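Peer 1: Okay, here's the structure, questions in a sec.
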Amino acid sequence: MSDKLRYDGKVAVVSGAGNGLGKTYALLLASRGAKVVVNDLGGSTHGEGADTKAADAVVEEIKKAGGEATANYDSVEHGDKIIKTALDAYGRVDIVINNAGILRDVAFHKMTQKDWDLIYTVHMVGTYSLCKAAWETMRKQKYGRIINVASAAGLYGNFGQANYSAMKLGILGLTKTLAREGASKNIKVNCIAPLAGSRMTATVMPEEMLEALRPEFVAPVVAYLAHEQCEDSGQILELGAGWIAALRWQRAKGGFLPFGDSSPEAVAGVWDAVMNFDDEPEYPETTQDSFPPVMGNLERYKEAASKL
Ligand SMILES: NC(=O)c1ccc[n+]([C@@H]2O[C@H](COP(=O)([O-])OP(=O)(O)OC[C@H]3O[C@@H](n4cnc5c(N)ncnc54)[C@H](O)[C@@H]3O)[C@@H](O)[C@H]2O)c1
């Protein structure tokens, strides 16, 4: 067993920490020495209303257990106010966990502008806003750990969640770019796609599963990602119930249109190769990895043209 991972002297901001997964992140980090800003708007899963009780209750629980915490009740799109709470109370911010979330599930043909806009505001703008507000401080102190929250719905698509899936995959794109931009300043940015019982999943999970899929299974993974010992960045992990796995892109070797024929029929002719993941697949990790087949084919065309 390795040494106990501690967060003494570190300041963590956890958005949506009044319930569910966020609450377990805040409690765990605080129990291991972090000073925690417990942010929660206190509204419904549907994104309506506001209440200070959720954040206050978690702050109280942390303090009762001997930890340090401060409540913040702003909605996450006001990241500057939330980070200000951390800076005013503790003078720094080392860890940001972009956990706050709501759902407005409905089939796309029935989705209203409000359903789209609210999900965009809480998930996409909220995550951007907290990252943006903490970024300069993290750059200056040459230290930061950011954990963003995606979802299987974003990675794979899910009926009734066009709004939510779009934002959750957008959050992965933001994560991957911030991981690159933060690398030289020791800012690590990772993303999780958790599965856990919470009020959010209460409508879609049977009672037994809700109880078994405890958020406490997810919290240690988030805590590990939030620790200085974690060197990985730009990763996306799927996890739940004690299972944790990294996910990556896989690209088929692909099909090459014959020189001089860029017709739709030529595309049909190479379609099996386009869709074939069995024959020499690749695992691109950067935009640079993305280009070689394109450039390689240009070379092939040039060579073919020179022989005409
Ligand atoms: N539970 C799962 O299986 C699951 C799966 C995939 C992704 N997620 C994601 O994990 C995160 C946490 O979900 P959960 O299941 O714990 O849900 P939850 O409803 O229990 O907790 C979400 C918390 O976010 C708060 N919140 C909502 N809007 C806010 C806002 N604008 N500003 C500040 N706080 C706000 C809520 O008040 C609530 O306390 C979400 O981002 C969710 O999309 C959860």
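Peer 1: Once you've got the GNM for the chain with C-alpha springs shorter than 10 Å, pick whichever of 296, 254, 154 has the biggest mean-square fluctuation.
Peer 2: 296
Peer 1: Give me the percent of DSSP beta bridges within the range 11-247 that run antiparallel, rounded to the nearest 5.
Peer 2: Of the beta bridges lying entirely in the range 11-247, close to 15 percent run antiparallel.
Peer 1: Give me the Å³ per residue figure for the convex hull around the C-alpha atoms of the range 41-134.
Peer 2: Hull volume over Cα atoms, normalised by residue count, gives 97 Å³.
Peer 1: Give me the extension gain from residue 185 to residue 210: residue separation times 0.36 nm, minus the current Cα-Cα distance, reported in nm with one decimal.
Peer 2: Gain on extension, residue 185 to residue 210, equals 5.0 nm.
Peer 1: Over the alpha-carbon set of the range 264-306, divide Rg by the Kirkwood Rh and report the Rg/Rh ratio to two decimals.
Peer 2: Result: Rg/Rh = 1.03.
Peer 1: Show the residues, 5+ positions off or on another chain, whose built amide H is closer than 5 Å to the amide H of residue 68.
Peer 2: 36
Peer 1: Something else: Based on the mean of other beta carbon atoms within 10 Å per residue, what is the order of 267-277, 60-70, most packed first?
Peer 2: Packing order, densest peptide first, comes out as 60-70, 267-277.
Peer 1: Two-decimal Rg/Rh of the range 53-107 from alpha-carbon positions, Kirkwood Rh?
Peer 2: So for the range 53-107, dividing Rg by the Kirkwood Rh gives 1.05.
Peer 1: Ok, one more. Net charge near residue 91: determine it from the other residues with C-beta under 13 Å of the C-beta of residue 91, scoring Lys and Arg +1 and Asp and Glu -1.
Peer 2: Its environment carries a net charge of +2.
Peer 1: Testing the spin-label approximation: label points 7 Å from Cα along Cα→Cβ at residue 113 and residue 60. State their distance in nm.
Peer 2: The answer from the label model is 4.2 nm.
Peer 1: Using 0.36 nm per residue, how much length does the chain from residue 51 to residue 270 gain when fully extended, once their Cα-Cα distance is taken away?
Peer 2: Working it through step by step, the gained length comes to 73.1 nm.
Peer 1: Still on this structure, I have one more. If all Cα-Cα distances of the chain are sorted into 10 Å bins from 0 onward, what percent lands in each bin, rounded to whole numbers?
Peer 2: 6, 25, 31, 19, 11, 6, 2, 0, 0
Peer 1: Classify the range 175-301: rounded, prolate or oblate, from the alpha-carbon gyration tensor (a ≥ b ≥ c, eigenvalue square roots; a/c under 1.5 rounded; otherwise prolate if a/b is larger than b/c)?
Peer 2: Oblate, because a/c is 1.5 or more while a/b does not exceed b/c.
Peer 1: Enumerate the helices in the chain for which the Kyte-Doolittle hydropathy averages -0.5 or more and the C-alpha atoms extend at least 27 Å along the helix's axis, using complete DSSP H runs.
Peer 2: 162-182
Peer 1: Let me ask something else about it. Quote to one decimal, in nm, the extra length available between residue 31 and residue 177 on full extension: 0.36 nm per residue of separation minus the C-alpha distance between them.
Peer 2: 49.4 nm is the gain from fully extending residue 31 to residue 177.
Rule-based calculations on the coordinates, nothing more; no lab input. Note that the structure is a prediction, hence the values are computed from the model and not measured. Note that we place each Cβ from the backbone using ideal geometry, even for glycine, and neighbour counts take in every protein chain shown.
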